[in-house]
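K.L.:
Sending over a structure as structure tokens; questions will come in a sec.
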Amino acid sequence: MRRFAHSRYVTILDQIVSSLSNFALVALVAGVATTAEFGRFSLGYVLLLFFLGFQRALVGEVLLVRFSNVGERPREVDGAAAGVSASVGVVSALALAVCGLLSGGDPLLWVVLAVAGPLVFVQDIVRYILIARARSGHALVSDAVWAIVALPAMVWLVAVSAPAWAVAAAWTGGGVIALVVAIAYARVTPRPVAGARWLVENRDIAVRFSGEYASLNLSNTVVWFGLAAPLGLAGVAALRGASLLFSPLNTAFNAVRIAVVPDLVRNRGTRRYRARLRETALILFGICAVWSAVVLLLPAEAGRLVLGETWDAAADLRWPYAVQGLAMVVYTALLAHFRAAARHTSSTAMRGVLAAATLVLPMALAVAAAASGAAWGFAAAVAVSVVVGLVWETRARRRDARRDGDSPHQPTETDDT
């Protein structure tokens, strides 16, 4: 029972619970904010999410890849990792403060978001520390406490028409309590000074992973702004609406990847590794097939309830996004394998091609076939990156076969760097 309580399935559940609190924040702030206030909040929240994703790549993925197979290690090592996260949180707070000064609006909302950065980021990385230690059940407890504390308070504040900053403060307060719970389980003290040394020691993959994240994030941001020229705001809204319908797939795929990488790392070089990888691909395919069927068969009435007037234009774009989901099944399985097998150059090549193709293909096809072309362009970008990933994997296997003959080979971190 204890083994299941800290299994990869619990890790997936933890990711879902964590995403629930974040989704609730956006939805509930929208319920109390004016259009202008929600626009400013959205700007700040997007900035907060960028830094959150950046520190996950810079620190969190390094923990999963490099430390999941390490037994007992000094707590100072994990404290240093949490210290890096705290430092990134401080940078995010400064960026949010500058953004607040430039955009105006209620300063309290910007203060709350700025304060949230360091606290929420450290809680997030302590979750990764627990997952890397094969204690994902404790990570789930921390995120469940956040949801249990914050959600009722946020709902009540919306019911009494409280200001947007108060709703965000309730979310942050829940995060603080979740942080205390996570630190109590992990017994970690963030050490920013030691974090600099930790970052130097792990810079080979930390810089690579964070660079991959930043390039993908930048290409996505640029292409969405760029699509406004050939498509207009209505076309962009249709694309965003269709992508929103399939956004649960992204959450699920990310959850599965985070859950399976530590398990793959611990089973590297064994028969169980391939079995776990096949199981992961089947789980991803099952999730994709079920959710795509739900969206493709969604009645128009239900679609309008979710997207409003945007549904009529977004409905025709469901098929390309469903195909993109299928391509993401292979992409996610490959990325998990590349991370666990330390094929870091392969992952960078695949993700670099995805970033470049995302910039080019949707724009090019949008000129030829409007919103439908752009949607197929996004799907084609993922498909092209998958082909590149498969080519790199084939090359790596041939190289391993030449080097080791028919003997079993256990990948090491020097295989592909």
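The values are calculated or read from the model by the stated rules, or taken from the named source; none is laboratory data. Bear in mind the structure is a predicted one, so any value in this text is a computation, not a measurement. Here Cβ is always computed from backbone atoms with ideal geometry, including for glycine, and neighbour counts include all displayed protein chains.
K.L.:
For Ala238, work out the one condition from (1) modelled with pLDDT of 90 or more; (2) in contact with a Leu (Cβ under 9 Å, 6 or more places away or on another chain) it doesn't fulfil.
P.N.:
The single condition Ala238 does not satisfy is (1).
K.L.:
Any residue that is in contact (Cβ under 8 Å) with a residue 12 or more places away in the chain, surrounded by fewer than 21 Cβ atoms within 10 Å (Cβ to Cβ) and over 28 Å from Ala368 (Cα atoms) - is there at least one of those in region 240-251?
P.N.:
Within region 240-251, one or more residues are in contact (Cβ under 8 Å) with a residue 12 or more places away in the chain, surrounded by fewer than 21 Cβ atoms within 10 Å (Cβ to Cβ) and over 28 Å from Ala368 (Cα atoms).
K.L.:
Which number in (1) modelled with pLDDT under 95; (2) surrounded by fewer than 16 Cβ atoms within 10 Å (Cβ to Cβ) marks the one condition that Ala289 misses?
P.N.:
So the condition that Ala289 fails would be (1).
K.L.:
Still on this structure, I have one more. Has region 298-310 got at least one residue that is modelled with pLDDT of 90 or more, surrounded by 17 or more Cβ atoms within 10 Å (Cβ to Cβ) and in a helix (DSSP H, G or I)?
P.N.:
No.
K.L.:
Pick from region 252-287 the residues that are of a type outside the set (Val, Ile, Thr) and touching a Phe, Trp or Tyr at 6+ places or on another chain (Cβ under 8 Å): which of them is nearest to Val323 (Cα to Cα)? It would help to see each step written out before you state the result.
P.N.:
If we filter region 252-287 for residues that are of a type outside the set (Val, Ile, Thr), which is where we start, we get 252-255, 257, 259, 262-264, 266-269, 271-279, 281-282, 284-286.
Restricting the remaining residues to those that are touching a Phe, Trp or Tyr at 6+ places or on another chain (Cβ under 8 Å) gives 252, 259, 264, 267, 284.
Details: Ala252: 16, Ala259: 24, Leu264: 27, Asn267: 31, Leu284: 14 Å.
Here the residue is Leu284.
K.L.:
Just checking, which of Phe51, Phe67 is buried (at least 18 other Cβ atoms within 10 Å of the Cβ), in contact with a Ser or Thr (Cβ under 9 Å, 6 or more places away or on another chain), hydrophobic (A, V, I, L, M, F, W, C) and outside the structural domain of Tyr213 (by TED's automatic domain parsing)?
P.N.:
Going through Phe51, Phe67 in turn, just one is buried (at least 18 other Cβ atoms within 10 Å of the Cβ), in contact with a Ser or Thr (Cβ under 9 Å, 6 or more places away or on another chain), hydrophobic (A, V, I, L, M, F, W, C) and outside the structural domain of Tyr213 (by TED's automatic domain parsing): Phe51.
K.L.:
For region 383-402, which positions are among the polar types (S, T, N, Q) and in contact (Cβ under 8 Å) with a residue 40 or more places away in the chain? Working first, answer last.
P.N.:
Going through region 383-402, the residues among the polar types (S, T, N, Q) turn out to be 385, 394.
Passing the criteria: only Ser385.
K.L.:
Would you mind stating whether Ala164 is modelled with pLDDT under 90, in the same structural domain as Gly79 (by TED's automatic domain parsing), over 30 Å from Cys288 (Cα atoms) and of a type outside the set (S, T, N, Q)? So that I can check it myself, show each step before the final result.
P.N.:
Values: modelled with pLDDT under 90: yes; in the same structural domain as Gly79 (by TED's automatic domain parsing): yes; over 30 Å from Cys288 (Cα atoms): yes; of a type outside the set (S, T, N, Q): yes.
Here the answer is yes, as Ala164 does meet what is asked.
K.L.:
Does region 178-191 hold any residues that are in contact (Cβ under 8 Å) with a residue 24 or more places away in the chain and surrounded by fewer than 17 Cβ atoms within 10 Å (Cβ to Cβ), and which are they? Outline the logic, then answer.
P.N.:
Restricting attention to region 178-191, the residues satisfying the condition of being in contact (Cβ under 8 Å) with a residue 24 or more places away in the chain are 178-179, 181-183, 185-191.
Residues satisfying the conditions are Arg187, Thr189.
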